[in-house]
Amino acid sequence: MPIYFIRPGQLKIVKIGHSDMGAAARMRYLQCANHEPLTLLGTMEGSRDLEYELHKTFDNYRLHSEWFRLEGDLEELINNLPPPATPEPKRKRGATPKIDDAMKRRIQKKAALKGDKKMTLQVIADSEDIALSSIFGIFKGGRKGILAWKPD
C-alpha cells in the first residue's frame with residue numbers, strides 16, 4: 001500500500017500518510033476537508049511501519065500530527081521520488097455521464113444487495129463514477145423512492 005506525500009496549495013508543508021485505498025482516493029477524501037487545492041507530490045510503496053519511521057526521521061520538521069514543513073532532507077526525498085501517475089481529468093462539478101439503461105439496472109441491482117454485500121449510495125456512485133445526486137433520479141420518487149424501491 002502506498003505512502004503518499006500531499007501538499008496543500010503552494011504552502012511549503014506536506015502530509016506524509018499511508019492509505020489502504022490508494023493515494024488518489026485518499027487525496028479526494030482529504031480534499032473535502034481542505035480549502036486549499038491538494039497536490040499529490042509523490043508516493044512510495046510501504047507499510048504503516050515505514051510511514052511511522054518517516055514521521056520519526058523528519059520529526060524536526062513536524063508541524064502537527066502528519067503535517068511537516070517541506071524543506072531540507074524531506075524536500076530532497078520527495079524531489080527524488082518518481083512523479084505520481086497523472087490523475088484522470090477532473091470533471092466539472094455536477095458533470096455526470098449520461099445514465100443509460102444498463103447503468104440504471106446495475107445501480108438498482110447494487111442498491112438491492114443485502115447483508116454484508118450491502119453498498120451505501122456513495123459507494124455505488126463511486127463505483128459508477130457518477131455524482132451521488134444522479135442516483136436519486138434513477139428511482140421513482142427520488143430520495144424517498146430509494147428507500148421504498150424493490151427489484152422487479
For each of Val14, Val123, count neighbouring Cβ atoms within 10 Å of the residue's Cβ, then give the residues from fewest to most.
-> Val123, Val14
With label points built 7 Å along Cα→Cβ from the Cα atoms of Met44 and Asn80, find their separation and express it in nm.
-> 0.8 nm
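Using a cut-off of 15 Å between beta-carbons, work out the net charge of the residues near Ile16 (Lys and Arg +1, Asp and Glu -1, Ile16 not included).
-2
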Could you give me the ³J(HN,Hα) list for region 67-77, computed from phi with Karplus coefficients 6.51, -1.76, 1.60 and θ = phi - 60°, whole Hz, x at Gly and Pro?
-> 9, 9, 5, 8, 7, x, 4, 5, 4, 5, 4
Among the trypsin sites (Lys or Arg not before Pro) in region 1-77, which ones are in a DSSP loop with at most 12 other Cβ atoms within 10 Å of the Cβ? Mind listing them?
-> Lys12
For region 2-79, rounded, prolate or oblate, judged on the Cα gyration tensor with a ≥ b ≥ c (square roots of eigenvalues), a/c < 1.5 rounded, else prolate if a/b > b/c?
-> oblate
Quick calc: nm separation of the 7 Å Cα→Cβ label points for Met103 and Leu30 -> 3.0 nm
Between Leu113 and Leu11, the two model label points (7 Å from Cα along the beta-carbon direction) sit apart by a distance in nm of 3.6 nm
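Here, each number is a calculation from the coordinates, and none is a lab measurement. Computed from a predicted model, the values in this text were never measured in an experiment. Cβ sites come from the backbone with ideal geometry, for glycine too, and all protein chains shown count toward neighbours.
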